[in-house]
Structures are given as C-alpha cells and as structure tokens.
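Visitor: Let me give you the structure first, and then I'll get to my questions.
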C-alpha cells in the first residue's frame, strides 16, 4: 500500500479541508496517510470523522511556513515545519510520496535540499495539468525555476514527455516550446538555444507554439520558464473564474435566462468540472529524488483527494526511474550535453 505524507497545515483551508480530502482518499484508494503538523489541531479535526485508524498516522511538527515567508529563510530557520518534516519522512523511507498545498517555494526548496535531484537533472520543474479542447496539456515549468538555462528547459521537455506517457496515458506526446512566434528565429537567445536542443532530442518536438495554442490542444507538453509558466497559470485560472461569473450573471439577469438555466444545469456542471483545478489535484515537482505533489493554496478536500490519487499513480508507475532513463538517453549526444 502506498504511503503518502500529507502537510496538514498547508493551504488556505488547512487543516480541515486537507484532512477531509485525505480521509476521502483512503476510502477510495489503496493508500495510507501520515498527517504532518500540529498534532493537537490534527487530532481535534479527526474527532469529527469516522475513518480506518489503521491507515492514518499523525506526525507532529510544531512549526508552519506561512505563504508570505521567504522559502529559503523559512526552511533554514524552521527546521520542524510541517513541510520539512514531511519531506524528511519521504527521504527516510517512512513515506512513498509527499503532498503539500502550502508555501510552493518552501516545498521546492525543501525537496531540492533534503531529497536532492535525480541523476542528470540540474533543476526541478513544476508540471501543471491544464484542460484544452482535445483533453489536457502539461505545462512545465509552473514556477520552480524563473531563470533557467537552455539545458534545464530541454530536461523539462523530456521529463514532461515521460510524465505524460506514464501518468496521462499517451505515447509519444507532442512537445512544444512556448514563444512569441512560431518561427525558429523568434524569442530571446536562451529560448532559441532551447529550440536547437529540443530539435536534436528524442522527444516528439513540434517547434515553437504561441499563447493561442495553449488551450487549442495543438500540443501535449508545453515547455517554458517558471516565470512565464506561473503567469500563464494564474491568468488562466482568473479567466476561467471570470468567464463563469459573467455567464452566470448574464443568465440570471432575465427571466428567460433563469428559465433556460434550469434546463442547462447538467451542462453547466460539466463546464465547471472541465475548468476546475481540483479535478487534477496538484502539480508534480519533477526532477527531485522523490514523489512530491504541490497543491493549490486554495485546495479543497476534493483537490487533496485527487492529489493523493496522482501521488499513488506516480509511485506505482515508478515515474522517476522512467524520467532518469529518458534524460540519460537524450544526453548521450555529446553536442546536446555540452550545450
């Protein structure tokens, strides 16, 4: 049974939503959980629920890294934070995976520092699952590395391709480089260099893609630096929420709109499901030597449950071994390795 360490103190709705999501996960999936955080608050929340106690363990950590804290400083000073303790459970082999909806930078910093990176990987990357017209796309990096080198972006493309195959179930997924134009000559120098590396790599590289292609389904894996990826994520979330609000407001503005809404409830539920981040749960931090899932700060219990499901799948499919093999294969070419 897969053991997942869960940061019970991370997120806007912690510990309540985190614990509810975890308990829902043990009902649906073959997992056991280690809730990490302030044990008195965790135990108090657990008293409100019925659950299989043999599949739950509480691990005390008395410190919390707040969302507005500097990640590097907080990890150094708060050695007994729920993030640091949870990551170390993974390092020590007491857990097979770790999930947190807390300070993203803190999770990236702790995972990189305590777990280290996979062999041949130079920087970790956050992989974000985004809906598109044909299914889903995977954007990497979503914010772990805002100043990457071309080799880092090459590795993101390879890691993203491996993840898409193993977890999202499509062989030989297409990989595109997010840029300001489709032409090879477009973009800053580090993006042009990345284009050359990806073109010589074994991934199914289709060239540059533009912002308009993100939701078209034209590309499966979208490679970009963490700054661009994080802005893309936040704008997309905001746009989805704004469109849903405007649509509902317009329908409720007239009696015919309200009448039509009664007959379209199922369609609107399906629409909401397609744009709801909680359906995908969390984003894997690829490249670190362990399975780490980063949740949205606003993670609901449903998002937590689905994040734990993805963590379980990553462990069972040995995603990190597959990533290492594919990166090594790509770096056999010495011209790529030296770039």
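What follows draws every value from the coordinates through simple rules; no lab data is involved. All of these numbers come straight from a predicted model, not from anything done at the bench. Every residue, glycine as well, gets a Cβ built from its backbone with ideal geometry; the counts of neighbours run over all protein chains shown.
Visitor: Can you give the FRET efficiency to the nearest 0.05 for residue 200 and residue 231, using r as the Cβ-Cβ distance and R₀ = 30 Å?
Guide: Efficiency, rounded to the nearest 0.05: 0.55.
Visitor: Reported to two decimal places, what Rg/Rh ratio describes region 18-90 when computed on Cα atoms with Rh from the Kirkwood expression? Provide the component values of the computation, followed by the final result.
Guide: On the way: Rg = 13.5 Å, Rh = 13.2 Å.
Answer for region 18-90: 1.02.
Visitor: What spacing in nm lies between the two simple spin-label points modelled at residue 50 and residue 77, each 7 Å away from Cα in the Cβ direction?
Guide: Distance between label points: 4.6 nm.
Visitor: Report for the chain the percent antiparallel among DSSP-assigned beta bridges with both residues inside it, nearest 5.
Guide: Here the share of antiparallel DSSP bridges comes out near 30 percent.
Visitor: Residues in region 127-145 near a label at residue 317, defined as backbone nitrogen under 19 Å from the 7 Å Cα→Cβ point?
Guide: 127-132, 134-142
Visitor: Starting from the Cα of residue 249, step 7 Å along the direction of its Cβ; do the same at residue 210; then give the gap between the two resulting points in nm.
Guide: According to this spin-label approximation, the distance is 2.9 nm.
Visitor: Pulled fully out, how much extra length does the chain show between residue 168 and residue 183, if you take 0.36 nm times their separation in residues and subtract their Cα-Cα distance?
Guide: Extra length from residue 168 to residue 183 when fully extended: 2.5 nm.
Visitor: Ok, one more. Could you give the length gained by full extension between residue 190 and residue 94, i.e. 0.36 nm per residue of separation minus their alpha carbon distance, to one decimal place?
Guide: 30.5 nm
Visitor: Expressed as cubic angstrom per residue, what is the convex hull volume of the alpha carbon set of the chain?
Guide: Numbers: hull volume 49.1 nm³, N = 339.
So the per-residue Cα hull volume is 145 Å³.
Visitor: If you count, for each residue, the other Cβ atoms within 10 Å and average over each peptide, how do 163-172, 99-108 line up from highest to lowest?
Guide: 99-108, 163-172
Visitor: Scale the Cα Rg of region 125-276 by the rule-of-thumb value 2.2 N^0.38 Å and send over the ratio, two decimals. Display every interim value, and only then the final one.
Guide: Values: Rg = 18.0 Å, N = 152, 2.2 N^0.38 = 14.8 Å.
For region 125-276, the normalised Cα radius of gyration is 1.21.
Visitor: Calculated from DSSP H runs of 4 or more alone, at -39500 (n - 2.57) each and per residue, what is the 222 nm mean residue ellipticity of the chain, nearest 500? Display every interim value, and only then the final one.
Guide: Values: 13 runs with 154 residues, N = 339.
The per-residue figure over the chain is -14000 deg cm²/dmol.
Visitor: Which order, highest average first, do 78-86, 59-67 follow once you tally other Cβ atoms within 10 Å for each residue and take the mean per peptide?
Guide: Ranking the peptides 78-86, 59-67 by packing returns 78-86, 59-67.
Visitor: In whole angstrom, note down how far apart the Cα centers of region 121-174 and region 43-87 are.
Guide: That distance is 28 Å.
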